[in-house]
Amino acid sequence: MNETVNALTDEQIAALAEHVENAELKAQDITKITNEYPQMTWKDAYDIQWAIRARKEARGSKIVGMKMGLTSWAKMAQMGVETPCYGFLADYFSVPDGGDIQTDQLIHPKIEAEIAFVTNKPLKGPGVHIGDVLNATEFVIPAVEVIDSRYENFRFDLKSVVADNSSSTRFITGGMMADPRDLDLKTLGVVMEINGEVVEVGAGAAVLGHPASSVAMLANMLGERGEELPAGTFVMTGGITAAATVNKGDSICVRYQGLGSISARFV
Ligand code: OOG
Ligand code: MG
C-alpha cells in the first residue's frame, strides 16, 4: 500500500480526530483505532493528528512546541515499536517546574526524561542534519514529558499512537539552559526519581545517538508534509530512558548533569 496517500475519507479523518481528542479531554480510554480501521495509512494517522491540532487552535489553544517520540531503544523496546514519531504541544500542556499535575485529568500517566532544544533559525527538510540543528540552536534545556496514551492499557501500534498526538499530554521544562557548544550532549546523564527513589538512569546518546539528530529527523519528517520547523520552536527530543508509571500522590524529580533538575507533584 502506498503510505503517502489516504485510505480513509476526509469525513472518517475528521470523525476519528474528534473521537481521539474527546478521549484526551474526558480522560477516558478508547480501543486503538486500527482495530476498526486496519487500512489506515501513515498519511491518515498524521492527518488525524493535524486535525486534532486544528481543533485545539480553533478553540483558542496556542501550539507552543513539538515533541519527538520513540527515539531511544529503551522507549522502542518498552512500547514494541521501532519508528520515531512526532506530536505537537498545546499551551495547556505546560506545567511550571515544581508545579502540580492534576492526575484526575489523565488516564494512566508516565514520565519521561528528555532534552529540549529551542531553535533560532527555521529548519526545513529534507536533508537537515545534526550540523544544521546545532547551527540553529539558541539553547538546550531539560524537559520532563508526561505521556498518557488514550488507548486501553497503554497498548497501541505506531499508526494509532501517531493519530493520538504521540501520547502527548503535559510537559515541564526548567533547570538551566545551556549553549550546546559547552556540552557533550551524548554523555549528559539523567537520573529519574519518584518519591526519592531512583527509577531510571540514562545518557543523551540514547536518543538516536545524539539528541540533535532527533530535531533533524523532525524537520525532515515535517518537510515530507511541506511543513517547516519555525525559528523559536521548543522541541522535546524524546525519552532517554523507558517511561515510568506515576500515580496520584507521587513526587518526581529528574536530575540533569550540569543542568539542574525538574520536579513536580501528581496531585
Ligand atoms: C509514545 C510517545 C513516546 C517519547 O519520548 O518516546 C514519547 C508513547 O510511548 O506513548 O513521547
Ligand atoms: Mg516523550
### Task
Sticking with the crude label model, points 7 Å out along Cα→Cβ, report the distance from Val64 to Met177 in nm, one decimal please.
1.5
### Task
Would you mind giving the average projected area, over all directions, of the Cα convex hull of the chain in nm² with one decimal?
12.8
### Query
PRE reach from Gln105 (point 7 Å along Cα→Cβ): which of region 1-31 fall under 19 Å by backbone N?
20-29
### Axial C-alpha extent at least 20 Å, average Kyte-Doolittle at least -0.5 - helices from the chain (DSSP)
10-26, 211-224
### Query
What percentage of the solvent-accessible surface of region 61-266, computed with a 1.4 Å probe over protein heavy atoms, is contributed by carbon and sulfur atoms?
50
#### Entry: Solvent-accessible heavy-atom area per residue, rounded to whole Å², over the chain at 1.4 Å
41
### Message
Using 0.36 nm times the number of residues separating Asp91 and Ala54, minus their current alpha carbon distance, what extension gain do you get?
### Response
12.0 nm
### region 155-202: GluC sites (Glu not before Pro) in DSSP loop, at most 15 other beta carbons within 10 Å
none
### Query
Amide H to amide H under 5 Å from Thr41: which residues, 5+ apart in sequence or cross-chain, H placed 1.01 Å off N in plane?
Ala7, Leu8
### Message
For the pair Gln39/Thr4, report the inter-label distance in nm, with labels modelled 7 Å from Cα in the Cβ direction.
### Response
2.1
### Task
DSSP loop (so not H, G, I, E, B), at most 14 other Cβ within 10 Å: list which trypsin sites (Lys or Arg not before Pro) in region 1-92 pass both filters.
Arg59, Lys62
### Message
How many angstrom lie between the Cα centre of region 1-65 and the Cα centre of region 70-103?
### Response
18
### Task
Normalising by the residue count of the chain, find the relative contact order in percent from Cα pairs under 8 Å and 6+ residues apart.
27
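The values are calculated or read from the model by the stated rules, or taken from the named source; none is laboratory data. This structure is a prediction, so every number in the text was calculated from the model and none was measured. Neighbour counts run over all protein chains shown; Cβ positions are idealised from the backbone, glycine included. SASA here: full protein model, heavy atoms, side chains in, ligands and nucleic acids out. Shrake-Rupley method; radii C 1.70, N 1.55, O 1.52, S 1.80 Å.
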